[in-house]
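The values are calculated or read from the model by the stated rules, or taken from the named source; none is laboratory data. These figures come from a predicted structure and were not determined experimentally. All Cβ positions, even for glycine, are placed from backbone atoms using ideal geometry, and neighbour counts span all protein chains on display. These accessible areas exclude ligands, DNA and RNA; they are computed on the full protein's heavy atoms, side chains included. Shrake-Rupley method; radii C 1.70, N 1.55, O 1.52, S 1.80 Å.
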Amino acid sequence: MQVLQVQLEVGADPAEVGRARRWARSRLAGSGIEADEPVAETLILLISELVTNAVVHTGCPAVLRMLLPGIPGPADAPGTVRVEVADRSACPPRPRHAEGDDTNGRGLELVDGLADRWGWQHEGAGKSIWCEVDRCDGGVPAATFDGATYDDADSGVAYEKV
C-alpha cells in the first residue's frame with residue numbers, strides 16, 4: 001500500500017486551528033476516509049488538540065503533517081493514519097491533569113486516550129509531536145509506518161497502548 005504525505009503550514013494564531021480542521025477533513029475525504037466514519041472524527045479531534053497545543057504553548061507557527069494510507073486494494077489492510085505537528089520549540093510536551101472545571105490541561109490526555117500510539121521527537125531546532133490511529137477492525141493488525149504491524153510493534157515505542 002502506498003502512503004500519501006500532505007502538510008499544511010499553520011500560523012501562530014489560534015484561529016488557524018479551525019482552518020487546520022477544515023483542511024484535514026478534505027484530505028481525509030480525498031484518501032477515502034469519509035466524514036461520518038468514527039476514525040475521521042477521532043483524527044479531527046486529535047489534530048485540533050495537537051495544533052492548539054503547538055500554537056498556544058509556543059506562540060510560533062507550526063506544520064501539520066498527515067501520512068495517509070492509499071485507498072486499499074482488495075488484499076490491503078486499511079492501514080494507519082499518522083498525524084504530526086512540528087513547531088519551533090525544543091521544550092518537550094508536558095502532560096497535565098485537569099481538575100473539575102479546568103478549561104485547560106486535557107489535550108495530551110485526550111491524545112493518549114484516543115490515539116493507538118503517540119510520542120514526540122526532536123526535529124531540527126524544535127520538536128514534532130505525533131500520533132497514530134489504526135484504521136482497521138479490532139483484532140486485525142494494521143500496517144504501521146516502521147513496516148511492522150501493530151501486533152508486531154516493539155512494546156518499547158513511546159506511549160504505545162498495549
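Before moving on, here are some points about what is shown:
- A Cβ distance below 8 Å, combined with a sequence gap of six or more or placement on separate chains, defines the contacts here; from segment 4-16, residues that are closer than 11 Å to CYS60 by Cβ reach residues that are loosely packed, with under 13 Cβ neighbours inside 10 Å in the pairs ALA12/GLY59.
- Some residue of segment 72-79 being modelled with pLDDT under 95, open to solvent by less than 10 Å² (accessible area, probe 1.4 Å) and in contact with a Pro (Cβ under 7 Å, 6 or more places away or on another chain): yes
- Condition check for THR149: at pLDDT below 70, open to solvent by 70 Å² or more (accessible area, probe 1.4 Å) and among the β-branched types (Val, Ile, Thr): no
- Subset of segment 105-146 [in a loop (DSSP other than H, G, I, E, B) and modelled with pLDDT of 65 or more]: ARG106, ALA115, ASP116, GLY124, ALA125, ARG135, CYS136
- Selection within segment 39-71 - surrounded by fewer than 20 Cβ atoms within 10 Å (Cβ to Cβ) and under 14 Å from LEU4 (Cβ atoms): ARG65, LEU67, GLY70, ILE71
- Filter result (surrounded by fewer than 19 Cβ atoms within 10 Å (Cβ to Cβ) and more than 16 Å from the chain's Cα centre (by Cα)) within segment 1-17: MET1, GLN2, GLY11, ALA12, ASP13, PRO14, ALA15
- For segment 27-38, the condition of being open to solvent by less than 30 Å² (accessible area, probe 1.4 Å), under 20 Å from ARG117 (Cβ atoms), without any contact (Cβ under 8 Å) to a residue 60 or more places away in the chain and not in a helix (DSSP H, G or I) holds for at least one residue.
- One residue stands out in segment 110-125 among those that are closer than 15 Å to ARG65 by Cα and open to solvent by less than 20 Å² (accessible area, probe 1.4 Å): the one that is nearest to the chain's Cα centre (by Cα), namely TRP118.
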